[in-house]
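Heads up: the structure comes next, in structure tokens.
The values are calculated or read from the model by the stated rules, or taken from the named source; none is laboratory data. Keep in mind it's a predicted model, so treat the numbers as computed, not measured. Note that each Cβ is placed from the backbone with ideal geometry, even for glycine, and that neighbours are counted across all protein chains shown.
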Protein chains: 2
Amino acid sequence: MAFELNAFLLEDIKRLIHHEEDAQLVTLFEDVHFADVAEILDEVNWDEAVYLVRLLDSEKTSEALMELDDDVRERLLESLTPKEIAEEIEEMDTDDAVDAIAELDEDIQQAVIEYIEDEEHAADIQEMLQYDEDSAGGLMAKELIKVKETWTVAGCVREMRRQAEEVTRVHSIYVVTKENVLIGRLSLKDLLTSDAKTKISEIYIPKVDAVNVNDQGEDVAKLMQKYDLEAIPVVDDEKKLLGRITIDDIVDFIKEEAEKDYQMAAGISQDVEADDSILQLTRARLPWLFLGLLGGIGAATIMGGFEDILEDYALLFFYTPLIAAMAGNVGVQSSAIIVQGLANDDVKGSIGNRLLKEMALAALNGLLLGLALFVFTALWYRGEPDSLNTALAISISLFAVIIMAGIIGTFIPLFLHKRGIDPAIATGPFITTSNDIFGILIYFWIAKLILFT
Amino acid sequence: MAFELNAFLLEDIKRLIHHEEDAQLVTLFEDVHFADVAEILDEVNWDEAVYLVRLLDSEKTSEALMELDDDVRERLLESLTPKEIAEEIEEMDTDDAVDAIAELDEDIQQAVIEYIEDEEHAADIQEMLQYDEDSAGGLMAKELIKVKETWTVAGCVREMRRQAEEVTRVHSIYVVTKENVLIGRLSLKDLLTSDAKTKISEIYIPKVDAVNVNDQGEDVAKLMQKYDLEAIPVVDDEKKLLGRITIDDIVDFIKEEAEKDYQMAAGISQDVEADDSILQLTRARLPWLFLGLLGGIGAATIMGGFEDILEDYALLFFYTPLIAAMAGNVGVQSSAIIVQGLANDDVKGSIGNRLLKEMALAALNGLLLGLALFVFTALWYRGEPDSLNTALAISISLFAVIIMAGIIGTFIPLFLHKRGIDPAIATGPFITTSNDIFGILIYFWIAKLILFT
């Protein structure tokens, strides 16, 4: 793990590129891991990156390309000719190849596929391009080790050696019928310990989990996590073996999902990164801010409606940011815990029970916070006219607002989930804004009730 | 994947337990996957769960126990005798065994370890208990396949068969010296294709990545993701092979980290779940709400300081929730993107550049939002005295507040990160609250400047 990209090394590389010292560059990159090559491609400028991809062995650069961000890879590939792209694609596993190709324009896609020399590889890619990116078909790779039930152990080992050339990591050995129908798997242990003449049909394990090619990636991820699987075969409706999904693809998937939820909670609606352009970032952030603006205007309009009590009870108006903030915070807390629970499938029981629990929780929090606020305001404003009443009104309203915020924060994601909508959109600005408006309305309404009756 | 836990099956199981129909229960559970056993243990009541753990084969229940939430497993184990716990532990891989034992009281721990029959297993657990839970040592398992460089291929295969009994999944074959120093790895392919008399020293790959036993789990997770590793060996300071970490342990780790960040952003400070008790949930949520309360009181106090302009410019006060909400939203967006970038190691460049970019971004957003607000307020309140000036004051202040919020939201996580503090605590209520206060202060200050000069 000694590799560390530093400014000196980077300068060196840039200098060598500038002087077109190809031989030295190739030697320099010989021992560099592809993940580190990716880091270097990310750091040098555009022309330098294209130069390196052209120069270095596709075996190395193809893997490095897959480590790059989608948009960086896309731009890099677009700087290459279809023939050059095909050379990179040739070295990739089918799942990576499809991910890389799918980003290109359709006419370039076809040109690239025609340049791929390995016809089977090209056909696999062609087939896989039709699957939805987030489905099992979009996540799977065609590379796997499969044996026929009719083979012997000796034949099996021979065939495995051949197949192993193409497969980076042997996870499982799948057993199929002559018609390629998946019927089981073979343990390496059994293979190692069986006599060379034993038939596979005698030693294979007839139990094997598989997913359908059209299953959602999210469900595959859950399944693999639940059953601690490192690889799972993908079959079509006739149980024919099409490919396999490995845990490393799922790791990326899980991370992407978690990041998407996190960004949604923070009010960022598209998949953006800190290094994206200002325009991309604005597009992802502005809509949510605009929603917040509308909410604020709504709150201001409500407050305008209570202008008649402004003169006597100015204090009420000073506490509106507090009310809005608390309504927002409680709402986000409640919704976040529901969204996370839904994602992990551990929200049990009925919506009714869930709401009751959240109400009890909010009541407890509201009581403690309302009490604290009452003590503070009663002491701080003592001596001012009607201060005790105002303190009471503010605190009781806070209590009511917290309960309401908890209920809304719990109900909305549950409701969206029932409707088949991703509940994660309910966290963040959406819940904050609606709770702001409702909160301030309830606050003034209750306060007025207390102060004027 | 046919298993689906339904109410009928659950009723059946409960009835069988009630009537102590042990033979029927054992038959029923024969084909149930341990992950599904865990689901059942989660659904039945306490005594029933203990009954099942006692009844069923430890080979199955030990794995099911590891699928349960930490606190559920802890309570279940505490209902068993040390001897019964030892039977479960006996069946677990060392990493799971240590996780399970570490939760128990120290005297029970020792009693359990003494009951473990496999002395090597007991010694391994004893050794591993000393490592920090989140370090490489805490994540690793002792089960692995290793061969000595002096062996032949034939001897190696023989020895591997023996070791494979204990190892669930063969990821890599590690090559060590006589002194157990890790010197390389062996590819399965090379092993399959080499002559039986070949010495391992002739065919092993002398390049192998490893982590130190004291490395942080987070760093191991990053490394394994970056280099797409499915397993990584763990060595001590003398490079002696101690164990290995597999990707499935890292998947759980990554998920936990992502969930922690998400909860922190939502203002939930402890690891809680939707099904935890109201008291646990309150403890996790109340401190952040209290922080929000203090922020609100701060905002109210600031507004009190501007009471002299209340009569003439009541409108200003109506827009404080909007200002606070926008300051909060922008702050959360900025900080979330930085926190995520830091977690993925792709925040590049200096803090200065980062702040400049965020300022430009905030200025663009602020300009658009300020303009929208100006158009609205100017039209809505037209005819009222001094309305145009007030609209101008509110909008310009909003613009300034958004820029400030963006800067604070960017700076705080970067600053915390430089100081070695987890920047995730800067998202959520922390940033919202500080931005609320600063926002309202700047708002009134600028508005007053515009209206009274």
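For segment A:214-223, which positions are within 13 Å of another protein chain (Cβ to nearest Cβ) and of a type in the set (G, A, S)?
Of everything in segment A:214-223, just one residue is within 13 Å of another protein chain (Cβ to nearest Cβ) and of a type in the set (G, A, S), namely A:A221.
Out of A:G243, A:G295, A:G331, report the one residue that is closer than 20 Å to B:A362 by Cα and in contact (Cβ under 8 Å) with a residue 60 or more places away in the chain.
Exactly one residue qualifies, and that residue is A:G295.
So if I check each of A:G420, A:G409, which one is closer than 22 Å to B:E273 by Cβ and either in a helix (DSSP H, G or I) or under 32 Å from the mean Cα position of the chain (by Cα) (or both)?
A:G409
Determine whether B:E238 is closer than 29 Å to B:E120 by Cβ and surrounded by fewer than 21 Cβ atoms within 10 Å (Cβ to Cβ).
yes
Right, B:V211: within 9 Å of another protein chain (Cβ to nearest Cβ) and either acidic (D, E) or under 26 Å from B:E120 (Cβ atoms) (or both) or not?
Judged against the criteria, B:V211 is a match.
If I filter segment B:344-351 for residues that are at pLDDT 80 or above and either within 20 Å of B:L449 (Cα to Cα) or surrounded by fewer than 19 Cβ atoms within 10 Å (Cβ to Cβ) (or both), do I get at least one hit?
no
Residue-by-condition table, conditions (1) closer than 22 Å to A:A300 by Cβ; (2) outside the structural domain of A:A221 (by TED's automatic domain parsing); (3) within 28 Å of the chain's Cα centre (by Cα):
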{"site": "A:I323", "(1), (2), (3)": "yes, yes, no"}
{"site": "A:N344", "(1), (2), (3)": "no, yes, yes"}
{"site": "A:G352", "(1), (2), (3)": "no, yes, no"}
{"site": "A:M359", "(1), (2), (3)": "no, yes, no"}
{"site": "A:G366", "(1), (2), (3)": "no, yes, no"}
{"site": "A:A372", "(1), (2), (3)": "no, yes, no"}
{"site": "A:N389", "(1), (2), (3)": "no, yes, no"}
{"site": "A:S395", "(1), (2), (3)": "no, yes, no"}
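What do you reckon, is B:S335 more than 9 Å from chain A (Cβ to nearest Cβ) and polar (S, T, N, Q)?
no
Do we find that B:E63 is crowded, with 20+ Cβ neighbours inside 10 Å and of a type outside the set (A, V, I, L, M) in this structure?
Yes; evaluated as a whole, the condition is true for this residue.
Hand me the list of helices (runs of 4 or more DSSP H) wholly inside segment A:33-141 holding 3 or more residues that are more than 14 Å from chain B (Cβ to nearest Cβ) and without any contact (Cβ under 8 Å) to a residue 40 or more places away in the chain.
Hits in segment A:33-141: A:46-55, A:58-67, A:70-78, A:82-91, A:94-102, A:106-115, A:119-128.
Please determine whether any residue of segment B:352-367 is assigned to a loop (DSSP other than H, G, I, E, B), among the aliphatic types (A, V, I, L, M), facing chain A (nearest Cβ under 8 Å) and within 30 Å of B:K226 (Cβ to Cβ).
Scanning segment B:352-367, I find no residue that is assigned to a loop (DSSP other than H, G, I, E, B), among the aliphatic types (A, V, I, L, M), facing chain A (nearest Cβ under 8 Å) and within 30 Å of B:K226 (Cβ to Cβ), so the answer is no.
Out of the residues in segment A:298-307 that are facing chain B (nearest Cβ under 7 Å) and surrounded by fewer than 19 Cβ atoms within 10 Å (Cβ to Cβ), which is nearest to the chain's Cα centre (by Cα)?
Of everything passing the filter in segment A:298-307, A:G304 is nearest to the chain's Cα centre (by Cα).
Among the residues of segment B:224-278, which ones are farther than 21 Å from B:L186 by Cα, within 9 Å of chain A (Cβ to nearest Cβ) and hydrophobic (A, V, I, L, M, F, W, C)?
Selection gives B:I250, B:V251, B:I254, B:A258, B:A265, B:A266, B:I268, B:V272, B:A274, B:I278.
Within segment B:368-381, work out how many residues are among the small types (G, A, S) and either surrounded by 20 or more Cβ atoms within 10 Å (Cβ to Cβ) or more than 8 Å from every other protein chain (Cβ to nearest Cβ) (or both).
Residues in segment B:368-381 being among the small types (G, A, S) and either surrounded by 20 or more Cβ atoms within 10 Å (Cβ to Cβ) or more than 8 Å from every other protein chain (Cβ to nearest Cβ) (or both): 2 in total.
Quick one: is A:I200 farther than 24 Å from A:V98 by Cα and either buried (at least 19 other Cβ atoms within 10 Å of the Cβ) or in the same structural domain as A:Q130 (by TED's automatic domain parsing) (or both)?
Spelling it out, A:I200 is indeed farther than 24 Å from A:V98 by Cα and either buried (at least 19 other Cβ atoms within 10 Å of the Cβ) or in the same structural domain as A:Q130 (by TED's automatic domain parsing) (or both).
Could you tell me which numbered condition B:A154 fails, if it satisfies all but one of (1) touching a Phe, Trp or Tyr at 6+ places or on another chain (Cβ under 8 Å); (2) more than 10 Å from chain A (Cβ to nearest Cβ)?
(1)
Using the structure shown, decide if A:T432 is touching a residue at least 60 places away in the same chain (Cβ under 8 Å) and within 11 Å of chain B (Cβ to nearest Cβ).
yes
Listed residues A:A97, A:A123, A:A86, A:A111; which is out of contact with any helix residue (DSSP H, G or I) (no Cβ under 8 Å at 6 or more places or on another chain) and small (G, A, S)?
A:A123 is the lone residue from the list that is out of contact with any helix residue (DSSP H, G or I) (no Cβ under 8 Å at 6 or more places or on another chain) and small (G, A, S).
Could you figure out which of (1) in contact with a Phe, Trp or Tyr (Cβ under 9 Å, 6 or more places away or on another chain); (2) at pLDDT below 85; (3) closer than 24 Å to A:E78 by Cβ isn't true of A:E159?
All conditions are met except number (3).
Please go through segment B:308-328 and pick out each residue that is hydrophobic (A, V, I, L, M, F, W, C), more than 7 Å from chain A (Cβ to nearest Cβ) and surrounded by 24 or more Cβ atoms within 10 Å (Cβ to Cβ).
B:I323, B:A327
If you take the residues in segment A:382-395 that are at pLDDT 85 or above and of a type in the set (S, T, Y), which one is surrounded by the fewest Cβ atoms within 10 Å (Cβ to Cβ)?
Ranking the candidates gives A:T390 first.
Please pick out the residue among B:L342, B:L286 that is part of a helix (DSSP H, G or I) and in contact with a His (Cβ under 8 Å, 6 or more places away or on another chain).
On inspection, the qualifying residue turns out to be B:L342.
Would you confirm, using the coordinates I've provided, whether B:E74 is acidic (D, E), buried (at least 21 other Cβ atoms within 10 Å of the Cβ) and under 24 Å from B:V44 (Cβ atoms)?
Considered against the rule, which asks whether it is acidic (D, E), buried (at least 21 other Cβ atoms within 10 Å of the Cβ) and under 24 Å from B:V44 (Cβ atoms), B:E74 comes out as no.
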